[in-house]
Amino acid sequence: MTSKRSGFIALAYAFTVVLAQTCPPQIFCPVTYSDAKLPDPFTFFGGSPVQTKADWACRAAEINALFQKDELGAIPGPPTTLTASYSNKVLTITVSNGGTSISFAPTITYPTTGSAPYPAIIAYDGGSIPIPNTVATINFNIDEFAQQNDGTSRGVGKFYTLFGSNASAGAMAAWAWGVSRIIDALQITPSANINLSKIGVTGCSRNGKGAFVAGAFDSRIALTIPQESGSGGAACWRISDWQLAQGTNVQTAHEIVTENVWFSTLFNPFVNVIPTLPFDHHLLAGLVAPRGLFVIENTEYDWLGSQSTNGCMRAGQEVYKALGAADSMGFSQIGNHPHCQFPSSQQGNLTNFINKFLLGQNTNTNIIVSDGSFTFNKAQWIDWTTPTLS
Ligand code: MCU
């Protein structure tokens, strides 16, 4: 079955326009920002306070724009046309931008229990968490969409066929755009039998960074599960730089941009002067709020910045607290296992998140677990208070 995309995209735009009209204008220059601590989620770039949930929606739109402008590159809007067809567990999606079009075809593995339409997890390169047999897995081959071999991968992949090899989007922004198109396609393809209000996204390591970004940038995602994303994902650049200064072999912004093309080249001017970056990755979690977010880390490897992810995600959870949804975000940080091998000791916690956000059950997701002895020195990193947003 093939069908044209419906009016929902136009609707989404209409909402964005309404939001834009009621938000203060986004004025980001002159760029004189400097803050050695984690930037205040609850103060607009221009200095006014965030006091209500409606204010937060505007502040989130501002943070979204800042991430694109200074780190990830531009995530384009919906394509000019999108068609999709489902056949034999393959969802074939064709998108075009102007005169150019590309197709990609995620495969879907369906559960053998539960009932249709099924909840589903979009898994970057298949993912590395145990997905229960009540939830479908949508396998997103991210590398063909935006390559990530090394620095030579910049501008390579189907995303760049569509938007040009000079598009500002780094690989993570490109993948996030792809995830949104998968969801668009599911919306117009009922025969794929996926429950549109029960969609998750996951990936591990570099793909965990990417999954985190996708969850932050598409509010149709009900549950985001970044696994061992470390630097560039759940870690904060500021805390990682500090860890390095303390002698820990942790990945920093300065290093990461030399390794691969996950970020836009727009990030390069910031990597040696991180205090001038008007956000940090606690606000990536903030963009997911109040939707489900279960951040899985691994204390086994210094490189992942365990202290940084621990502090960063605690700071990010303040946004959830402000929105009255503290337990929609969990954090589990356990070591003693190889990279990207999900520890069985965390199975119950993962199950609780999946059951609540993808299966609609009432489970305990008040989960903050670490086997590391990290004390988050709040005074060192946070000089703002968390409001209760009305
Ligand atoms: C944790 O993610 C990355 C890390 O950022 C890289 O420095 C390292 O090379 O690879 C990790 C990864 O993706 O491992 C599969």
Original post:
For the stretch 24-111, with only Lys/Arg (+1) and Asp/Glu (-1) charged at the beta-carbon, what is the dipole magnitude about the Cα centre, in debye rounded to 20?
Top reply: 300 debye
**OP:** Starting with the highest mean, order 344-354, 225-235, 53-63, 288-298 by the number of other Cβ atoms within 10 Å, averaged over the residues of each peptide.
**Re:** 225-235, 288-298, 53-63, 344-354
Subject >> Cα-based reach from Lys53 at 28 Å (exclusive), listing lysines while leaving out same-chain residues under 8 positions away >> reply: Lys37, Lys69, Lys198, Lys209, Lys321, Lys356, Lys378
**OP:** Mind checking the stretch 203-277 for trypsin sites (Lys or Arg not before Pro) that DSSP puts in a loop (not H, G, I, E or B) and that have at most 16 other Cβ atoms within 10 Å?
**Re:** Arg220
Subject >> Gain on full stretching of the segment that runs from Thr161 to Ala74 - 0.36 nm per residue minus C-alpha separation >> reply: 29.8 nm
Subject >> Distance in nm between pseudo-label sites at Ala36 and Asp302 (7 Å out along the Cβ direction from Cα) >> reply: 2.3 nm
Original post:
Tell me, in nm to one decimal, what length is gained between Thr258 and Phe28 on full extension, where the rule is 0.36 nm per residue of separation less the Cα-Cα distance?
Top reply: 80.1 nm
Original post:
Counting pairs of Cα atoms in the stretch 244-344, how many percent are more than 21 Å apart?
Top reply: 45 percent
**OP:** Take Thr189, Thr92 and order them by how many other Cβ atoms sit within 10 Å, fewest up front.
**Re:** Thr92, Thr189
Original post:
Packing-wise, with mean Cβ within 10 Å as the measure, how do 324-335, 148-159 rank, highest first?
Top reply: 324-335, 148-159
Original post:
Using modelled amide H (1.01 Å from N, peptide plane; none on Pro or chain starts), what sits under 5 Å from the amide H of Gly335, excluding residues fewer than 5 places away?
Top reply: Thr299, Asp371
**OP:** Per residue of the stretch 265-279, in order, report the coupling 6.51 cos²θ - 1.76 cosθ + 1.60 (Karplus, θ = phi - 60°) as ³J(HN,Hα) in whole Hz, putting x for Gly and Pro.
**Re:** 5, 4, 7, 3, x, 9, 5, 9, 9, 4, x, 7, 6, x, 7
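Restricting to Cα pairs below 8 Å that are 6+ residues apart, what does the relative contact order work out to for the stretch 53-380? Please round to a whole percent.
16 percent
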Original post:
Once phi is turned into ³J(HN,Hα) by the Karplus curve 6.51 cos²θ - 1.76 cosθ + 1.60 with θ = phi - 60°, what whole-Hz value does each residue of the stretch 189-197 show in order, with x for glycine and proline?
Top reply: 10, x, 5, 6, 6, 10, 6, 5, 8
Subject >> Rg in Å to one decimal, and Dmax rounded to a whole Å, for the chain via C-alpha atoms >> reply: 19.7, 58
Subject >> Whole-percent pair-distance distribution, where bins are 10 Å wide, for the alpha carbons of the stretch 49-138 >> reply: 14, 25, 30, 27, 5, 0
**OP:** Take the Cα pairs of the stretch 193-295, get the Kirkwood Rh, then feed it into Stokes-Einstein at 10 °C and 1.306 mPa s and tell me D in µm²/s.
**Re:** 111 µm²/s
Original post:
Ranked by Cβ crowding within 10 angstrom, fewest neighbours first, how are Met313, Met172 ordered?
Top reply: Met313, Met172
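Dividing the convex hull volume of the Cα atoms of the stretch 153-239 by its residue count, what figure in Å³ per residue is obtained? All intermediate terms of the calculation are to be shown ahead of the outcome.
Values: hull volume 9.5 nm³, N = 87.
Spelled out: Cα convex hull of the stretch 153-239, divided by residues, is 109 Å³.
All of the numbers you see were taken from the coordinates with simple rules; none came from a lab. As the structure is a computational prediction, the values presented were derived from the model and not from experiment. Every residue, glycine as well, gets a Cβ built from its backbone with ideal geometry; the counts of neighbours run over all protein chains shown.
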